Amino acid sequence: MAKTHNLGFPRIGAKRELKFALEKFWRGEIDRATLEETGHALKVENWQRQARLDRVPVGDFSFYDHVLDTSFLLGNLPQRVRGLEGDALDQYFRVARGRSACDHGCVHVAAGEMTKWFDTNYHYIVPEFDRHTRFTLDASRLLAQIEEARSQGHTPKPVILGPVTYLWLGKSIDGSDRLDLLPRLLPAYAQLFDALAQAGCDWVQVDEPILVTELDPEWAQALRIAWHHLKRDDLDILLTSYFGELKENLQLAFSLPVSGWHVDAVRGADEIDAAVASLPEGKVLSLGVIDGRNVWKSDLNALLDRLEPIHAQLGDRLWLAPSCSLLHVPVDLDQETDLEPEIRSWLAFAQQKLEEIDVLANALNHGRSSEAATLADNAEALASRRNSSRTRNPAVREALAGITPEWGRRQSPYAKRAPKQHAALNQPLLPTTTIGSFPQTAEIRQTRAAFRRGELDESAYTTAMKEEIARCIREQEALGLDVLVHGEPERNDMVEYFAEQLEGFAITRFGWVQSYGSRCVKPAILYGDIRRPRPMTVDWITYAQSLTDKPVKGMLTGPVTILNWTFVRDDQPRRDTCYQLALAVREEVLDLERAGIRAIQIDEAALREGLPLRRSQWQSYLDWAIEAFRISANGVKDETQIHTHMCYSEFNDIIDSIIAMDADVISIETARSRMELLDVFEVFEYPNEIGPGVYDIHSPNVPSVDQMVALLRLAARRIPVERLWVNPDCGLKTRSWDEVIPALRNMVDAARQLRAEHEVRQASA
């Protein structure tokens, strides 16, 4: 009998219960017990949703981030939070966001650095190491969750981040070698496995997703050392990889002394036969056959064709699961009652993916006839999508065929166009700006919701949004910012806003996915060819520009980011879809320019996120991703200044591609890393302008003038001050006005101080 399990379930709740509880707790509106009660209720609900599985994951729930959970499990706390008032949860939130609920503005520490989890839009808190790091196990919360699950009648399967991946994901803050810590780390994992065995666990899922990357020899050797050291006779280990193929690491993975392996059989579909052939006698093979990264229904009949001979060979040693944790998809499609029925019939969210697993297992164990009706419905839905006229637009495909290389080239090189832009925009040295959005207050959200429900007519809605835009312009002028933005009050999300106006997208009501902590995003569903029926931003931006003599940036989301932050169609190459998006964005850029907008920002926050996990595959992606950006941006005149923005993306190793974008100004996240992302410029001269973020907007802390000046001085060591901009790390929509105003005031003062220092140096030179 084939067995079923899951690697992890969305922890935010079907209606974002965790988000709202966390934010109330941080504001002091609920107490610790209420937050814990919400967490308990969500765990119980998630386990109940997975009750039909042979084993349910335990330890996948988190109040902020599972990598941060691992750091606390192992007692690896940054020195800056040790000894502060409060308990472990207070310290936990200080590392996550720089402040706990008990701090009340009096204790602020630097939040942990945050970056992308492999090639997803999930952000994790980077573990910090130095040569003195020690590990002290505290498994109390995990053990309590195991007992909770067992008391609910479930068979728990603890989910653990593996020791080598944990070190690989971390950062040495003193330049020491992370792998030197492995001998200190392994005893803590051995103690953890002892505790799990004593708690009556039989199977433990241990995730080592670095197995799908191109491993340096020392990291491959670390996996061998670790797993031979952790070999157990009293506990079955399921060694888990996901997000890609094992390739040259397949032999390494299957040589490790564990009881079973999970492989991604969606992205690694071509390796299924090799995995079966490599499986040692008596061991378990878990095949991740349902896509945990996208929302399309699986072809169950085709999967059964593939699985039936494997099941005949392996019997109960075959386990079925999603390809990865379902953290990356929405909770339940049943909530989407407003979604167009045909499109809805093509989809599967987390709950439906578990139902697909159940159908596959039943069909394998009891014959296809036991699921005949479901399999027939599945085939009908797939045929509907394959044959639907919704997915193809001949005019769009004709336009795509008409793209020429000239579309991706500016009229003049940067050195020639930059003086024209500076004159047109009247820019000072170290110009100050923001990334785009300003606080999305409760009133803004309520107004948008009332308009969406039909309770507010278009005229009243437009008036309300224009009032908020006017407020944003007034505030920026009062602060003394140099290049303004309209604040984006009309935008619910930087991708969804555009998806709502482009043909080829479907929008959900409850399709929320966790990005980090309490931050959730609702990716649009890109199902068909993309067309822009009308301008999307021109009226709002030109209204904002009419209120001020200072330049106002047009704000757009770039084609690569829209692609990477949607649930994208899987029936054509991603490149083709990205070029369709580029054509739509290009039309909007040219309309903004015709309307008199002289600075246009095209955000590509997710450019690096789309990089394949294997470096050997990077260039192919970068070639078409960079070209898509250039197509969208480079049809403008020399006088029009093109900005782009990237957040939480190290680009030292793709600097040639960043330069090839040929944006006049790029703004990037650097505050949490204290400008470390600029290290590449010590040996490589970046030719255009750059705005390294000096204000970490993902923390409620308000940075001081001195802190920002210090960061700018670090930046000026690498980038000539004449080509430096001053800006926050990212948009300000998640912050409150009482945080934003003093932070931006300090930022403007920091820029003025650096300008004055530069003038003194110039005068004395």
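Here are a few things to note about the model shown:
- Filter result (in a helix (DSSP H, G or I), more than 19 Å from residue 491 (Cβ to Cβ) and open to solvent by 30 Å² or more (accessible area, probe 1.4 Å)) within region 555-592: 574, 575, 576, 579, 586, 590
- Which listed residue, of 46, 76, is out of contact with any helix residue (DSSP H, G or I) (no Cβ under 7 Å at 6 or more places or on another chain), free of Cβ contacts under 8 Å to residues at least 60 places away in the same chain and assigned to a loop (DSSP other than H, G, I, E, B): 76
- Region 363-383 residues that are closer than 13 Å to residue 308 by Cβ, paired with ones that are at pLDDT 95 or above and charged (D, E, K, R) (beta carbon under 6 Å, 6 or more apart): 363/371
- Every pair of residues 6+ apart whose Cβ atoms lie under 6 Å, when the first sits in region 5-16 and is assigned to a loop (DSSP other than H, G, I, E, B) while the second is open to solvent by 10 Å² or more (accessible area, probe 1.4 Å) and among the hydroxyl-bearing types (Ser, Thr, Tyr): 7/325; 8/325
- Residue in region 121-130 that is outside any loop (DSSP other than H, G, I, E, B), over 29 Å from residue 513 (Cβ atoms) and under 27 Å from the mean Cα position of the chain (by Cα) present: yes
- Taken together, the residues in region 344-363 that are open to solvent by 10 Å² or more (accessible area, probe 1.4 Å) and more than 25 Å from the chain's Cα centre (by Cα) amount to 6.
- The single residue among 186, 182, 196 that is assigned to a helix (DSSP H, G or I), open to solvent by less than 20 Å² (accessible area, probe 1.4 Å) and in contact with a His (Cβ under 8 Å, 6 or more places away or on another chain) turns out to be 186.
- Within region 593-612, tally of residues that are open to solvent by less than 40 Å² (accessible area, probe 1.4 Å) and not in a strand (DSSP E or B): 11
- Residues of region 492-507 satisfying the condition of being in contact (Cβ under 8 Å) with a residue 60 or more places away in the chain and touching a Phe, Trp or Tyr at 6+ places or on another chain (Cβ under 9 Å): 494, 495, 498, 499, 504, 505, 506
- Considering region 8-31, and only residues there that are over 15 Å from residue 330 (Cα atoms) and not charged (D, E, K, R), the residue that is surrounded by the most Cβ atoms within 10 Å (Cβ to Cβ) turns out to be 22.
- Test: residue in region 420-439 that is farther than 21 Å from residue 547 by Cβ, part of a helix (DSSP H, G or I) and in contact with a Ser or Thr (Cβ under 9 Å, 6 or more places away or on another chain): yes
- Look at (1) over 15 Å from residue 141 (Cα atoms); (2) among the hydrophobic types (A, V, I, L, M, F, W, C); (3) open to solvent by 10 Å² or more (accessible area, probe 1.4 Å) and you find that residue 89 fails only one, number (1).
- Exactly one residue out of 543, 497 is assigned to a helix (DSSP H, G or I), in contact with a strand residue (DSSP E or B) (Cβ under 9 Å, 6 or more places away or on another chain) and surrounded by fewer than 22 Cβ atoms within 10 Å (Cβ to Cβ): that is 497.
- Residue list for region 433-477, filter: under 30 Å from the mean Cα position of the chain (by Cα), open to solvent by 20 Å² or more (accessible area, probe 1.4 Å) and closer than 13 Å to residue 732 by Cβ: 441
- Members of region 619-665 that are within 29 Å of residue 268 (Cβ to Cβ) and open to solvent by 30 Å² or more (accessible area, probe 1.4 Å): 619, 620, 623, 624, 627, 650, 652, 653
The values are calculated or read from the model by the stated rules, or taken from the named source; none is laboratory data. This one's a predicted model, so the numbers in the text were calculated from it and none came from an experiment. Cβ sites come from the backbone with ideal geometry, for glycine too, and all protein chains shown count toward neighbours. The area values use the complete protein model at the heavy-atom level, side chains included, leaving out ligands, DNA and RNA. Shrake-Rupley method; radii C 1.70, N 1.55, O 1.52, S 1.80 Å.
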